[in-house]
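Reviewing the structure listed below.
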Amino acid sequence: MVFSSDFLRIIRSVLKESRRSLVPSIGEDDGLVLYTISYLYGSINENITAIDLGAGIGYSTIWIAKGIDDSYSSSGEVIAVERKKERAIKAKEILSKLPLKKTLIKVLNTDAIMFLRGLTSEGKRIDLAFVDIDKFLYLDVFLLLKKVMKENGVVLFHNAYFPSANKLITYLNEHNYNHTIVPTSEGIIMIIMK
């Protein structure tokens, strides 16, 4: 994959801003995984809807949106969900400047659990989900995602090596979910939904 100099400038400036503002963000290796999975999923599916729960100021959202935008999908939508208002405002500002051709990005300032409960009541279906919120909530989030994910959709949880992620991993093993841990520096739990 070859990224344009404009994209590299944007992605590096957002990572720098995240670090300067003390906003936790994924590493570049995690970003490349998000890009690759989004690209592959978008290349074999149409009209992709992705969510980024715990979007911060948009660093992970950019990788997901770029992957979908570069794929063969006819269109895509990425919903960035951030609980902290100042981060959501900054994400909206940053993400509105992305030069995307066919992928729409929405930024919502709300709690991830409340957002997922709303999706459940709306009946909206999700293709791809990336989760990077408080790790002790991972199992609760997964149980809600089960209700809104499309069959064969992909769910990704960041920080797989955190001890608090073990509760989710135990659940996945006990219920025979097809999953793996992508061995990035912080680890990404990847689940293919039934």
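The values are calculated or read from the model by the stated rules, or taken from the named source; none is laboratory data. Everything numeric in this text was worked out from a predicted model, so none of it was measured. Backbone-built Cβ (ideal geometry, glycine too); neighbour counts: all protein chains shown. Surface accessibility is based on the protein's heavy atoms, side chains included, excluding ligands, DNA and RNA. Shrake-Rupley method; radii C 1.70, N 1.55, O 1.52, S 1.80 Å.
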(request) Find, to one decimal place in angstroms, the Kirkwood hydrodynamic radius of segment 129-194, where the mean of 1/r is taken over every pair of different Cα atoms and then inverted. (result) 11.6 Å
(request) Name the shape class, rounded, prolate or oblate, that the alpha-carbon gyration tensor gives for the chain, where a ≥ b ≥ c are the square roots of its eigenvalues, rounded holds for a/c under 1.5, and otherwise prolate holds if a/b is larger than b/c and oblate otherwise. (result) rounded
(request) Tell me the label-point distance for the pair LYS97, ILE192, using the 7 Å Cα-to-Cβ offset, in nm and rounded to one decimal. (result) 3.9 nm
(request) Assuming a ≥ b ≥ c are the square roots of the Cα gyration tensor eigenvalues, decide whether segment 41-113 counts as rounded (a/c under 1.5), prolate (otherwise, with a/b larger than b/c) or oblate. (result) prolate
(message) For segment 1-62, take N as its residue count and report Rg(C-alpha) divided by 2.2 N^0.38 Å.
(response) 1.18
(message) Keeping every protein chain present and rolling a 1.4 Å probe, give me the accessible area per residue for segment 6-49 in Å².
(response) 54 Å²
(message) Using a 7 Å offset from the Cα along the Cα-to-Cβ direction at both SER5 and ILE44, what is the distance between the two label points in nm, to one decimal?
(response) 3.7 nm
(message) Suppose each label sits 7 Å from its Cα in the direction of the beta carbon; what would the SER185-TYR161 distance come out to in nanometres?
(response) 1.0 nm
(request) Grab segment 129-194 and count how many Lys pairs have their alpha-carbon atoms under 18 Å apart, sequence gap of 8 or more, or different chains. (result) 6
(request) Can you grab the distance from the C-alpha centre of segment 129-194 to the C-alpha centre of segment 86-111, Å, no decimals? (result) 24 Å
(request) Set the Förster radius R0 to 25 Å, insert the Cβ-Cβ distance between ASN109 and ARG20 as r into 1/(1 + (r/R0)^6), and round the FRET efficiency to 0.05. (result) 0.75
(request) Quick one: pull the percent of accessible area on the chain belonging to carbon and sulfur, 1.4 Å probe, ligands and nucleic acids left out. (result) 54 percent
